[in-house]
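Below you'll find the structure, written out as C-alpha cells, and then a few comments.
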Amino acid sequence: MDAAPTAIGPSPAHPGSADIPMPAREYTMLDIAHSSSVTKRAVEKRALRESWCFREETGRGGRRKLFAFRHLPKEIQARLLASERGLAAEKAAKAPFTYDADALWTWAASRPEPLRRKGVERARVLRAMSDLMALGDTFGDAARAVSATEGIPAGTLKNWFYGGPGKPGAREYAKKDWEAALIPGWKGRQARKEIPVPAWDWFTGYYLNRRQPTVAESYRRLLEVARAQGWGEMPSCKTFERRLQREVPETTKTLLRRGEDQLALLFPPQRRDKRMLRAGQYVVGDGLKFDKLYIQWPDGEIIHTSTGWFWADAHSGMMLAWRLAKTENTDVFRLATYDLTGIVKPDVVVIDNTTVAANKAMTGGASGRHRFKDLEGDMQGILLQLGIEPQFTSPDKIFMSPGAKPIERAFGIGGLHSEVANHPRFLKRGFSAKTAIPYAEFAQVVQEEVTRFNQRPNRASAVCGGVLSFQAAFEKAFEKAAPTRLTDAQRGLLLLMPEQARANKRSGEIQLAAGKGPNGKPRYWSESLTQYKGMLLTVYYDPEDMQLPVSVYSTDGRYLCQAERMPDTAFNDAEAAREYNKQKRRFVKAEKKKATAQQRMDSLAVADLYPEAQSPADIPPPGVVRGNFQQVRRVVDGKVVGEGKKPPARESGLNVHEEVLTNMRERRRASAG
C-alpha cells in the first residue's frame with residue numbers, strides 16, 4: 001500500500017495559475033531532471049534544500065520518490081509542461097515506422113547463439129498471444145492467459161509487443177521478422193544527429209594520421225576548432241566514434257594510422273608444406289643475440305651482446321650447427337657453415353640480406369643480393385664454389401616477410417633465447433656486469449638447450465605429426481635422403497677467408513688488408529707470382545694465423561700457387577739482412593740455372609741456322625715516266641746565283657750512303673778553297 005505524502009520541511013504554498021493547468025499526476029526526480037536539463041543529483045539537492053513534498057512507493061528497482069505537480073515550484077511546473085508538449089508534438093509529427101529487413105537479419109546473424117535463441121522463444125510466445133487476439137480476445141486477456149501458461153509477467157509481454165522509448169515493439173514488424181526483432185539489444189532504426197561536413201572532414205583528417213591520436217583527443221581539439229570557425233554545436237564524442245566504426249574500414253584506419261607494412265599484415269600469410277623437401281636439402285640460417293645475459297669472454301671483456309649463428313633444417317626444424325661470437329660477423333657465419341657441412345651439404349641456404357650473410361666473401365656472385373656493389377672481376381663466394389645456392393629473404397616488409405623464416409620461431413617466446421636466459425644455472429646471475437657468466441659455462445648451456453630443443457617430443461608440425469621430435473624427424477628423413485657430403489679439402493675453404501689483392505707490378509708481391517699492423521699490410525710472395533704481376537688475384541688466408549702461407553687463385557676460381565709470408569725485420573738486424581741476401585742470391589742462382597736449362601741452344605748455333613739475307617731483285621724500268629719541270633734554285637757561296645734545271649736523277653744502282661759521303665766531301669773542299 002502506497003505511503004501518504006511526506007513533507008521534509010515546511011511546504012510552501014504554490015497556488016495554481018490560470019495559464020498553467022494543474023495535472024493531477026506525479027513526477028520522479030528523473031522526469032524533473034530531464035525537463036530541466038540537469039542531473040538527478042541536482043534535483044535531489046534542491047528538493048532537500050527547499051523541502052519539497054513527496055511520497056514514496058515501492059516498484060521495480062526499489063523505492064522511489066514521487067513529487068505531485070501542484071507542490072512543485074512554478075518554473076519546474078512550466079518546464080515539465082513544456083517538455084510534455086514537446087514530446088507530444090514530436091510523437092504527432094513522428095514518421096511511420098520503417099525498417100530494413102536485410103539489415104535486421106544481418107545484425108541478428110552477428111549476435112551470439114544464446115541471444116538468438118531468446119529471440120526465437122519470445123517470437124513463439126507472442127505468436128501464441130497473437131493467435132488468441134485473432135480469435136477475439138483483448139490484448140489484456142490474451143496477455144494474462146499466456147502469462148499464466150508461460151510464467152512470463154503480462155507487463156513483460158506488453159513491452160515485447162508494444163515496445164518502449166527507443167525500442168519498437170513486435171507489432172511494428174512483420175511476423176516473419178519477429179525472431180530477429182525480439183533479440184535483446186536490437187533498437188531498430190535510430191535517429192542520428194548530423195555532423196557538419198567541415199567538422200567531420202577535420203576530425204577524420206586529424207584522427208587518421210601516423211601520430212595515432214585517440215578519439216577523445218581528436219574530439220577535444222575538434223570542439224576548439226568548431227568554436228573558432230563557428231560550426232555550431234557538435235554531437236557527442238560517442239557519435240563520432242560510432243560513425244568512425246560505421247564508415248571508416250579497419251584497413252583504412254590501419255594504413256593511415258599505422259603504415260603500409262602494418263596494412264600488409266592484415267592479409268593472411270601463406271602456408272607452405274615442407275614435407276616435399278629432403279632432410280638437409282634446404283637449410284635456414286639466422287643470427288641470435290643473447291641480449292639478456294652479461295657474458296665474460298676469455299679475454300676478460302664483459303658484454304651483453306653475445307651472438308650466435310644457427311643453422312636449422314627446413315624440412316624437420318632440427319638445429320644442425322651453431323657458433324658463438326661477441327658480435328654477428330662473417331667469421332661466425334663462416335665457421336657455423338663449416339660445422340654444417342660436416343653433417344650435410346645443403347642444396348640451398350636461406351639467409352637474410354644482412355651485411356654478414358650477404359657479404360662478398362661468402363656469397364659473392366649470387367643473384368638476389370642487395371648488399372655491396374657488384375663489380376667486374378669480383379671473386380666468387382665460398383658458398384657458390386662449394387655448390388651451395390644462397391637464397392636471400394626480401395627486405396621488402398610490405399609485399400614480403402623477411403622475418404617469416406622458420407628459424408625465427410625457434411628464437412621467440414619459448415625458444416632458444418628465453419630458454420637459455422631462464423636456465424636454472426643462471427638464476428640471479430648474468431643480469432649485470434658484476435654477475436657476468438663465464439663464456440665456457442654459457443657455451444655449455446647453449447649446447448644443452450639446443451639439444452633439448454631438438455629432442456622435445458610431440459612437435460605439432462606437419463612433418464612431426466604431433467608425435468616426433470625435430471631430431472627424430474630429421475634422422476628418419478636423413479636415412480632416405482642420400483645426402484651429399486663435401487671432402488675435407490672442400491670444407492677447408494670454410495676455414496679460410498678470401499680477399500682480393502693486386503700483385504705488385506715489379507715483383508708480384510701480394511699485400512693483404514687483413515692483419516694490417518704498424519709496419520703496414522702483411523706481404524706474401526712466391527716465385528710463381530712473378531707471372532701475374534699487376535693482376536687482380538683472390539687470396540685465401542687463415543684469419544686465426546696470418547703467419548701461415550696463403551693460397552692464391554684467379555678471380556674466376558683457378559688455383560695458381562701458394563705464397564709464403566714475408567716477415568718484417570728490425571732495422572739493425574744484421575743476421576736477418578744476411579739471411580735475406582742469402583735467399584736472394586739463391587733465388588737468382590736458381591733462376592739462372594732454370595734459364596740455362598731453358599736455353600738449350602747457344603747464340604752461335606742460333607746465328608748459324610738463321611738464313612742469309614737475299615739480294616734484292618732487279619727492278620724493271622717503268623713504262624711511262626712522269627715529267628717534273630719545276631725550276632731548281634742553286635746556292636753558290638751562300639748566294640742564289642740563278643735558277644737552273646732540275647739535277648739529273650741518280651743512277652738506279654748508286655748506293656745512297658756513298659752519294660751522301662760524296663756530297664759532304666765536295667762541301668768541305670769548297671769551304672777549304
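Taking the residues in region 204-221 that are free of Cβ contacts under 8 Å to residues at least 12 places away in the same chain and either surrounded by 12 or more Cβ atoms within 10 Å (Cβ to Cβ) or among the hydroxyl-bearing types (Ser, Thr, Tyr) (or both) as candidates, determine which candidate is nearest to LEU244 (Cα to Cα).
Selected residue: THR214.
Looking at region 219-252 only, could you name the residues that are assigned to a helix (DSSP H, G or I) and more than 15 Å from TRP200 (Cα to Cα)?
ALA228, GLU250, THR251, THR252
May I ask you to verify whether ASN353 is of a type in the set (S, T, N, Q), at negative phi and touching a Phe, Trp or Tyr at 6+ places or on another chain (Cβ under 8 Å)?
Considered against the rule, which asks whether it is of a type in the set (S, T, N, Q), at negative phi and touching a Phe, Trp or Tyr at 6+ places or on another chain (Cβ under 8 Å), ASN353 comes out as yes.
List the helices (runs of 4 or more DSSP H) inside region 70-169, counting only whole elements, that have at least 3 residues being modelled with pLDDT under 85.
Result: 74-93.
In region 188-197, how many residues are in a helix (DSSP H, G or I) and either at pLDDT 95 or above or touching a strand residue (DSSP E or B) at 6+ places or on another chain (Cβ under 7 Å) (or both)?
Counting residues in region 188-197 that are in a helix (DSSP H, G or I) and either at pLDDT 95 or above or touching a strand residue (DSSP E or B) at 6+ places or on another chain (Cβ under 7 Å) (or both) gives 0.
Out of GLY430, GLY515, I need the residue that is part of a loop (DSSP other than H, G, I, E, B), touching a Phe, Trp or Tyr at 6+ places or on another chain (Cβ under 6 Å) and more than 29 Å from ASP273 (Cα to Cα). Which one?
Answer to the selection: GLY430.
With the structure loaded, tell me whether GLY317 is on the phi > 0 side of the Ramachandran plot, free of Cβ contacts under 8 Å to residues at least 24 places away in the same chain and in a loop (DSSP other than H, G, I, E, B) or whether it fails that test.
The answer is no for GLY317.
Given the criterion under 30 Å from ARG246 (Cβ atoms) and out of contact with any Pro (no Cβ under 8 Å at 6 or more places or on another chain), identify the matching residue among GLU113, GLU150.
Going through GLU113, GLU150 in turn, just one is under 30 Å from ARG246 (Cβ atoms) and out of contact with any Pro (no Cβ under 8 Å at 6 or more places or on another chain): GLU113.
May I ask you to list pairs of residues, at least six apart or on different chains, whose Cβ atoms are under 6 Å apart, with the first in region 469-481 being more than 15 Å from MET319 (Cα to Cα) and the second being not in a helix (DSSP H, G or I)?
Short answer, once both residue conditions are applied: ALA481/ARG278; ALA481/ALA279.
Among the residues of region 411-434, how many are modelled with pLDDT under 90 and at positive phi?
Residues flagged as modelled with pLDDT under 90 and at positive phi within region 411-434 amount to 2.
Which condition number in (1) at pLDDT below 75; (2) in contact with an Asp or Glu (Cβ under 9 Å, 6 or more places away or on another chain) is the one that ARG64 fails?
With (1) at pLDDT below 75; (2) in contact with an Asp or Glu (Cβ under 9 Å, 6 or more places away or on another chain) applied to ARG64, the lone miss is (1).
What's the total number of residues in region 312-335 that are among the small types (Gly, Ala, Ser), under 15 Å from LEU494 (Cβ atoms) and buried (at least 23 other Cβ atoms within 10 Å of the Cβ)?
0
The values are calculated or read from the model by the stated rules, or taken from the named source; none is laboratory data. In this text the structure is predicted, and so the values were computed from the model without any measurement. Note that we place each Cβ from the backbone using ideal geometry, even for glycine, and neighbour counts take in every protein chain shown.
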